[in-house]
1. Given the residues GLU17, GLU27, which is the only one that is more than 20 Å from GLN170 (Cα to Cα), out of contact with any strand residue (DSSP E or B) (no Cβ under 7 Å at 6 or more places or on another chain), among the charged types (D, E, K, R) and in the same structural domain as GLY78 (by TED's automatic domain parsing)?
2. Taking GLY57, is it within 18 Å of the chain's Cα centre (by Cα) and more than 16 Å from ARG77 (Cα to Cα)?
3. What number of residues in region 111-139 are buried (at least 18 other Cβ atoms within 10 Å of the Cβ) and part of a helix (DSSP H, G or I)?
4. Based on this model, can you work out whether ARG96 counts as over 12 Å from THR209 (Cβ atoms), charged (D, E, K, R) and modelled with pLDDT of 95 or more?
5. Given the conditions (1) away from the ligand (no atom under 13 Å from the Cβ); (2) within 20 Å of the chain's Cα centre (by Cα), which single one is not true for PRO119?
6. Considering only strands (runs of 3 or more DSSP E) fully contained in region 140-239, which possess at least 1 residues that are surrounded by 13 or more Cβ atoms within 10 Å (Cβ to Cβ) and free of Cβ contacts under 8 Å to residues at least 60 places away in the same chain?
Amino acid sequence: MTQRLAYLDDTFLLSHESVIADSGGDEHGDYIIVEDCIFYPQGGGQPWDTGELSVQGKVHSVDAVRFAEGSARIYSRGATDLAVGSSLTQLVDRKRRLVNSTSHTMGHLVANVVETLYPNYVARKGYHFPEGSYVEFSGEMPESNAKFLDKLNEKIAESLSQNLRISTKQVSLSELQQICSNVPTGLPVDKPLRVVQIGNYDAIPCGGTHLNSLSADIEVAVTKIKRKKPNIRVSYQEK
Ligand SMILES: [Zn+2]
């Protein structure tokens, strides 16, 4: 079975019917695999979605979602009692998805802004959970941390106020290498490859969920920069 990861196509598809394609258990608990999955499995610095499954009139809560062996596994207590082949309705917790998607999108914006203003910095990794979010770059510490942060915040605010559109596209590896100037090593081999692009900033390979556009309503700022060997870490948070 090839599972469709429906969250890749639409961040705001939060209710969706599908069919249970498989079920099982592993060290994290009992899980099901659905044909069309709208739940985001944790990864790429973004937490998993929570929510509910409605199967034959009974509601089951989603405890966790993880990607393993080529599929998103939806963990729910007693999931293995659900019959393979049953129809179900998936319902993603909207608030959590929105918070996580916003924080994740802001991580890309921080990376784009830093790389644009300081081309000797290259984004290496990100942690986009709403608490303690950061992006790490290879490069040297700036001469003045305060000036560096001020300059970034000015550019971030400018981009937000321009309501830049955010687009995503599924690509082959060779297309990805053509589009992205910074292709990280260790791209997943068992997931579709996709790039996300904010306005005309550099496209970034990413399988997470993002907003559809920036907005001046989002209040986010970079708050500190520190050495975190071998990288420098730029922390950001929503106000
Ligand atoms: Zn992303």
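The values are calculated or read from the model by the stated rules, or taken from the named source; none is laboratory data. These numbers were taken from a predicted model, which means no experiment stands behind them. Every residue, glycine as well, gets a Cβ built from its backbone with ideal geometry; the counts of neighbours run over all protein chains shown.
1. GLU27
2. So GLY57 fails the test.
3. 5
4. In short, no.
5. (2)
6. Output list reads 166-170, 194-198.
Residue by residue, here is whether (1) surrounded by 13 or more Cβ atoms within 10 Å (Cβ to Cβ); (2) not aliphatic (A, V, I, L, M) holds:
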{"site": "HIS16", "(1), (2)": "yes, yes"}
{"site": "ILE33", "(1), (2)": "yes, no"}
{"site": "PRO41", "(1), (2)": "yes, yes"}
{"site": "THR50", "(1), (2)": "yes, yes"}
{"site": "VAL62", "(1), (2)": "yes, no"}
{"site": "PHE67", "(1), (2)": "yes, yes"}
{"site": "ALA83", "(1), (2)": "no, no"}
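Every residue, every condition in (1) touching a Leu at 6+ places or on another chain (Cβ under 6 Å); (2) of a type in the set (D, E, K, R); (3) in the same structural domain as ILE218 (by TED's automatic domain parsing), yes or no:
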site: GLY44; (1), (2), (3): no, no, no
site: VAL59; (1), (2), (3): no, no, no
site: ARG77; (1), (2), (3): no, yes, no
site: GLY107; (1), (2), (3): no, no, yes
site: ALA123; (1), (2), (3): no, no, yes
site: GLY139; (1), (2), (3): no, no, yes
